[in-house]
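**Student:** I am attaching a structure below and will ask some questions about it afterwards.
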């Protein structure tokens, strides 16, 4: 794998699409929530919302300060003639912002169902109105109204799937949750409505907290026509009924993809890999 060596590594926040490497020193301890839940619920609503906003900013900042940038060639992805990037699980646009300099002429379709990060994503997208389109929508295996667990202290780890006790032990900030009702569609249906002229010059990024297999099954035609995808894959069981590496590998293998390495990987204290962002290349796109 084309992965640079790090001098330091730590447990990162789930959903943070950043770079880390196997530790040569003891990893950083788990990060506690900034306020005890009982203390928080006694505060006025606007103060609670401010705390949620600041905690999200803080945890994102910690991750960005500790981690290096991805390889400048993205394991060869920058050599592909990418014209469209589909960002599934966009949150407030962290990945889309990264891709702007890598693919300066590509359009971006960003999908995010949660209201608060979507508002921030929309404000950023207005700066690139001719290039970036945003959609307040979850993607899955079917069209339906569905509940999502919104993680108030750190929205990137929010999921349609429930967190496990392991996840809540490693990342205590995810315990503060609320269920929200969202609209879900399929990738194939949305791309059909958008009428994008498929020519295979597509990069798909998938970061949906264990829900990856459902998104792929609902977007098989789009995946078949794409050149590559980046998928966050968890080896630890952080979410109930989450997709495994095996599940994702075989789904993508059936669609013509080959595994091409990891852009990053997050290491637990005992040295095992918790999760990583994997690159898959479509050897023969069909369109």
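**Student:** Just want the ordering: 131, 214, 246, from fewest to most Cβ atoms lying within 10 Å of their own Cβ. Numbers along the way, then the final one.
**Tutor:** Details: 131 16, 214 21, 246 9.
Final ranking by Cβ density, sparse to dense: 246, 131, 214.
**Student:** Further question: Could you compute the FRET efficiency for residue 165 and residue 272, with r as their C-beta to C-beta distance and R0 at 25 Å, rounded to 0.05?
**Tutor:** Details: r = 18 Å, r/R0 = 0.71.
Once rounded, the FRET efficiency stands at 0.90.
**Student:** Suppose R0 equals 30 Å. What FRET efficiency, 1/(1 + (r/R0)^6) with r the Cβ-Cβ distance, do residue 253 and residue 126 give to the nearest 0.05?
**Tutor:** Values: r = 39 Å, r/R0 = 1.30.
Efficiency for this residue pair is about 0.15.
**Student:** Using only Cα atoms, what Kirkwood radius does region 104-234 have, in angstroms? Let's see the in-between values first.
**Tutor:** Numbers: mean 1/r = 0.0635 Å⁻¹.
About 15.8 Å for region 104-234.
**Student:** Between residue 235 and residue 102, what's the calculated FRET efficiency when r is the beta-carbon distance and R0 is 30 Å? Round to 0.05.
**Tutor:** Values: r = 27 Å, r/R0 = 0.89.
Step by step, r from the Cβ atoms, then E = 0.65.
**Student:** Could you tell me how far the Cα centroid of region 133-180 sits from the Cα centroid of region 207-226, in Å?
**Tutor:** Computed from Cα coordinates, the inter-centre distance equals 17 Å.
**Student:** When a footprinting reagent is the concern and you count Cβ atoms within 10 Å, what order do 151, 272 take, fewest first? Write down the numbers at each step before the final one.
**Tutor:** Numbers: 151 26, 272 10.
If I rank by nearby Cβ atoms, fewest first, I get 272, 151.
Readers should treat all values here as calculations from the given coordinates under stated rules, not as data from a laboratory. Everything quoted here is computed from the prediction, not taken from an experiment. Heads up, the Cβs are rebuilt from the backbone with ideal geometry, glycines too, and the neighbour counts pull from every protein chain shown.
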